[in-house]
1. Would you mind finding the one in Ile37, Ile54, Ile47 that is assigned to a helix (DSSP H, G or I), on the phi < 0 side of the Ramachandran plot and surrounded by fewer than 20 Cβ atoms within 10 Å (Cβ to Cβ)?
2. Which residues, taken from the stretch 109-126, are hydrophobic (A, V, I, L, M, F, W, C), assigned to a loop (DSSP other than H, G, I, E, B) and surrounded by fewer than 20 Cβ atoms within 10 Å (Cβ to Cβ)?
3. Can you name every residue in the stretch 176-202 that is in contact with a helix residue (DSSP H, G or I) (Cβ under 8 Å, 6 or more places away or on another chain), charged (D, E, K, R) and not in a strand (DSSP E or B)?
4. So, Ile133, is that one modelled with pLDDT of 95 or more, under 14 Å from the mean Cα position of the chain (by Cα) and surrounded by fewer than 18 Cβ atoms within 10 Å (Cβ to Cβ) or not?
5. Of all residues in the stretch 167-199, how many are surrounded by fewer than 18 Cβ atoms within 10 Å (Cβ to Cβ) and under 18 Å from Ile47 (Cα atoms)?
6. Do you know which residues across the stretch 24-75 are of a type in the set (Gly, Ala, Ser) and within 24 Å of Leu147 (Cα to Cα)?
7. Pairs under 6 Å by beta carbon, first residue more than 14 Å from Val170 (Cα to Cα) in the stretch 201-224, partner modelled with pLDDT of 95 or more and of a type in the set (Phe, Trp, Tyr), six or more apart or different chains?
8. Check off (1) more than 19 Å from Val51 (Cβ to Cβ); (2) crowded, with 16+ Cβ neighbours inside 10 Å; (3) among the aromatic types (Phe, Trp, Tyr) for Phe164 and give me the number that stays unchecked.
Amino acid sequence: MKGNKKAQKIEAAKTAIVLIEPQYDFLKPGGSMYQHIEEQLAKRNVIPNLVDFIGKARKKVKKIIYVPFEEFEPGFPEIDKNGPGMGGLRGLEIDMPTGWKIDGKPVAGAWVKGTPGPEIIPELTPKKGDIVIRGKKTLDAFWSTALDYTLRVNMIEWLVVVGFHTNWCVESTARSGYDKGYRVVVIGDCTGTDTDEEQNYVEKFIFPKIGSVMNYKEFLKSLV
């Protein structure tokens, strides 16, 4: 089954780009998850692609929306150590080593308050007119935030998803957007995950069934 990108024209005035988690913990040395995604970021030129894409698209589309992951207090007191929040990806993230320190002591875990981890990297700092959606604590950027409300009050029809990880938060958000009735586009060369296998699988088998997959230059050319 192929995506619906052939000769596709996208209305810029009804389009929002949602940038998921462009933060130090993913994208800079010392980050909890950078050690896993570093090779793919370099191989696929993801950060320069994102910088070029967002810079050019900002002048064209209705909204640029940032959805960073929210920080946790050191030690993760927000999550019961015996509860369901410790299962799956979140439980793995909590134990990941980092290059960060607080009061001279090494810090483990992603998104820890007081470290650079939760901060948006300088290359992708939001500009005037961009929207930053707070509250993301889940894989799906819609679930614990006002993203859906923000899209609807801005009369958005086209939901364009970029960011990290391709097969986790990007995929979860794209699926949710599809179920909510948005026209979904994922920009493949502006997303990243740990391996070629994971990236290729979702681009080939998942995203074409819920929308379209484009590279960022194709997308910019498709805007009307």
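The values are calculated or read from the model by the stated rules, or taken from the named source; none is laboratory data. All figures in this text were calculated on a predicted structure; none of them were measured in a lab. We place every Cβ from the backbone using ideal geometry, glycine too, and count neighbours over all the protein chains shown.
1. The match here is Ile47.
2. Here is the first cut: in the stretch 109-126, the residues hydrophobic (A, V, I, L, M, F, W, C) are 110-112, 120-121, 124.
Next, from what is left, pick out any that are assigned to a loop (DSSP other than H, G, I, E, B): 110-111, 121.
Selection gives Ile121 alone.
3. Lys180, Asp194, Asp196, Glu198
4. On the way: modelled with pLDDT of 95 or more: yes; under 14 Å from the mean Cα position of the chain (by Cα): yes; surrounded by fewer than 18 Cβ atoms within 10 Å (Cβ to Cβ): no.
Judged against the criteria, Ile133 is not a match.
5. Step one: of the stretch 167-199, the residues surrounded by fewer than 18 Cβ atoms within 10 Å (Cβ to Cβ) are 178-181, 195-198.
Still in the running and under 18 Å from Ile47 (Cα atoms): 195-196.
Matching residues across the stretch 167-199 total 2.
6. First, the residues of the stretch 24-75 that are of a type in the set (Gly, Ala, Ser): 30-32, 42, 55, 57, 75.
Passing the criteria: Gly55, Ala57.
7. Going by the 6 Å Cβ cut-off, the qualifying pairs are Tyr216/Phe53.
8. Here Phe164 clears every test but (1).
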